[in-house]
Amino acid sequence: MINFANPWYLLFMPLAAGPLILHLLSLRKMRRVEFSSLFFLRRLRERRFRWLRLRDLLLLILRTLFLVFLVLALAGPIWRGRFPLARVKADVVLILDDSYSTSARFHDLKSTALRLVDELSAGSSVALLSPSGSLWDTVWGEPEFAAERIQALASSRSGRDLQASWVQSLKLLDKSRASTRRVVMISDGQTRALGFLKNERTPSDVETFCFIDEAGFPANTSILNAGLSPRVPLPGEERFLRIRLGRSGKKVERTVSLFADERLLEERRTAIHEGLKEIEFRLPQDAQGVRVALDPDSIPADDQRFVLASGSRGLRVAFVGDASSEFLELALKVGIGVEVQRVSPAAAASLSPLSYDLLIWDGAGGLPAQAAAAASQGLPVLILLDGDVEDVESVFKSSGISSDGFEMPAPSALFADLKEEDRRQIKIARHARLKPAGGKVIVSLSGGDPLLLADTSQGIYYLATRFTPLNTNLIYRALFPAMMQRIASYVAKGQSERLIGDTLRVRVRSGEALFVETPRLHYEITPRQSDGGYVVEFTRTADAGFYRIGSETFVVNPDPKEASFAKVNAVELRNRGFKVYPLGASTPRKLWLFALILAAVCLAAESILILSHVFASRSRKQPKTAVP
């Protein structure tokens, strides 16, 4: 029932035996000698000796208790469970982590939340928040009502951290007029959820508590990611699915199942130790929707991954170009099935990641203002340079145009899966000579000049050449689409390898609009009629993350960080002003203060006994004056 914030101070508890040891050492065996003249004082002396023995025993007990209570106060006792002495009146914002990493122990998190609410007295107010949005109060409520809502809550399998909830809690407490204001975060302590607190400090007028599960994560096997290699194969080139597994707990054996277009291709039994493991499957050339699955375990949401190998939507590309851009546009469409839409330079400024995955600007002399505006919205931009290239501040300086003969791309991780003989067939005859001035060189030419250079702070990439007959022979080769696949995929941060899940289907009773949440958007949708009822259906879940249709949640390739076993450092959080306690504890009541008060009482009682003995001795020594 009791936990200690600083348990190492309990090592000093044997010091409490010091007074007893000293008392035993001070005892001496005395000889008994009788004097006839003292015979009549025997009874008086016996009564006095009994009092002295009782006093010594009381001093021994008080000194021992003083040391015991002092050590307990330093150890910082924390009461587990409901505090038996008093309740607290406060305005409390309770943030309950309901991400899918907590699903195995979500009952324990809820139990802690219910205990904390039960400790509040009448007149207290509670606001409930969760990262998924299942709980999101903007007004205060009664503790009894909050307890009912917590009891009915289920893990939502959201993958968000608690930062948005933290910001909302501070906004709510700004409006509170209570003398005691608190933020309470209840989590499994995963870095994914609470890592943002390393950059936060608690307000001076708000108490902030973190109740963290101190136990290790449950034994669990996760599929951290699955990727195709190569993403777009050359004719006759074999293709593989590379899977990265993570394991917490002792060694186990798991069955890894590979499906292509919902047809089981292979089952492989593999031993997985704690840590990471990679395995590889060979895929058929005609595979489209690929799925890999593990045996379900403690956290089933991370036991499958989906990859769209081909046959579905690729990158959504906004394309700015001229008549010389037809080769590049055709390579994008033919090679990787990209959805290419030509836009005017003026329209490019209003583009955002909600509509496109990538903006390609073919034939610019630097950084167009419209491309910079699109990049500021978070849209990756690829600019193919040509003509009189101007310097771009903090990225590169231009040294004119090189036409000294053919060059080829230097070896690079970007083209690591291209055969050496294929790479050597790429001839670049004309390119802009760029001198990096803060930009990051991704690919160089054999002569040393950058071919692909990035302004990573803005997500803008520059190619030193255009793909036209004047500049390169690449456009006449089958390798061109594959090379563009690699470049476009890199710039768009891998989005060309689309992630898909099963068809999401929810049957509802009425045709009333339902709230729908996808990784990109939140909106309402009207169910369609089907077989005498109503159905909401997503036939292709093309974005990785968490989906919610009404009250039901679905998981499609969650963020691998959510399966991480790393936990926040409690010492670092305490240094930043957060009060961190184990999950099973209640809101601490400063029990160390009670222990310190009891130690002070023992010290005061000892002082009174000693002083009373001194005064009594002095009064006996003073001669009595005879009365005439």
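Please treat every number below as a calculation from the coordinates, not as lab data. Values in this document were obtained by computation on a predicted structure and should not be read as measured data. Backbone-built Cβ (ideal geometry, glycine too); neighbour counts: all protein chains shown.
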Check your understanding: Given the Cα-Cα distance of PHE594 and THR180 and 0.36 nm per residue of separation, how much length would full extension add, in nm?
Key -> 147.0 nm
Revision key, fill the gap. Rounded to 0.05, the calculated FRET efficiency for the beta carbons of GLU524 and ALA437 at R₀ = 35 Å is 0.10
Review point. If you average the sequence gap of Cα pairs under 8 Å that are 6 or more apart and divide by the length of the chain, what percent do you get for the contact order?
Key: 15
Point to revise | Dipole of the chain, positive end: most advanced residue of ALA75, VAL441, ALA616 [Cβ charges, Cα centre] | key: ALA616
Review point. Tell me, what ³J(HN,Hα) does each residue in region 162-167 have, in order and in whole Hz, if you take phi through Karplus 6.51 cos²θ - 1.76 cosθ + 1.60 with θ = phi - 60° and put x for Gly and Pro?
Key: 9, 5, 4, 5, 4, 4
Point to revise | Charge sum, other residues only, whose C-beta stays under 15 Å from ALA164's C-beta, Lys/Arg counted +1 and Asp/Glu -1 | key: -3
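Based on DSSP H runs of at least 4 residues, each adding -39500 (n - 2.57), what is the mean residue ellipticity at 222 nm of the chain after dividing by all its residues, to the nearest 500 deg cm²/dmol? Kindly include the intermediate steps, with their values, before the conclusion.
Numbers: 13 runs with 159 residues, N = 628.
Helix contribution divided over all residues of the chain: -8000 deg cm²/dmol.
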Revision key, fill the gap. Here region 379-390 yields Karplus 3J(HN,Hα) values (6.51, -1.76, 1.60; θ = phi - 60°; whole Hz; Gly and Pro given as x) of 8, x, 10, 10, 10, 9, 7, 6, x, 7, 7, 9
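What's the local net charge at ARG149, with K and R +1, D and E -1, over the other residues with C-beta under 13 Å away? Let's see the in-between values first.
Numbers: positive: LYS110; negative: ASP98, ASP137, GLU142, GLU144, GLU148.
Within the 13 Å Cβ shell, the charges total -4.
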**Study point:** For volume of the Cα convex hull per residue in Å³, calculated from these coordinates, the label among (i) 317; (ii) 183; (iii) 279
**Key:** (iii)
Revision key, fill the gap. Note: probe point = Cα of GLN288 + 7 Å toward Cβ; backbone nitrogen < 18 Å; residues of region 237-264 passing the test are 259-264
**Study point:** Violating pairs (Cα-Cα greater than 28 angstrom) within the set LYS110/LYS171; LYS277/LYS440; LYS175/LYS567
**Key:** LYS277/LYS440; LYS175/LYS567
Exercise for review: Note down the relative contact order for region 220-308 as a percent, whole number, built from C-alpha pairs under 8 angstrom at least six residues apart.
Suggested key: 33
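So which chymotrypsin sites (Phe, Trp or Tyr not before Pro) in region 69-156 end up in coil per DSSP with only 10 or fewer other C-beta atoms within 10 Å? Don't skip to the answer; put the middle values down first.
Numbers: sites: PHE69, TRP79, TYR100, PHE106, TRP136, TRP140, PHE145; in loops: TRP140.
Within region 69-156, no chymotrypsin sites (Phe, Trp or Tyr not before Pro) qualify (loop, at most 10 other Cβ atoms within 10 Å).
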Point to revise | Dipole in debye (nearest 20) - the chain, about Cα centre, beta carbon charges: Lys, Arg +1; Asp, Glu -1 | key: 5660
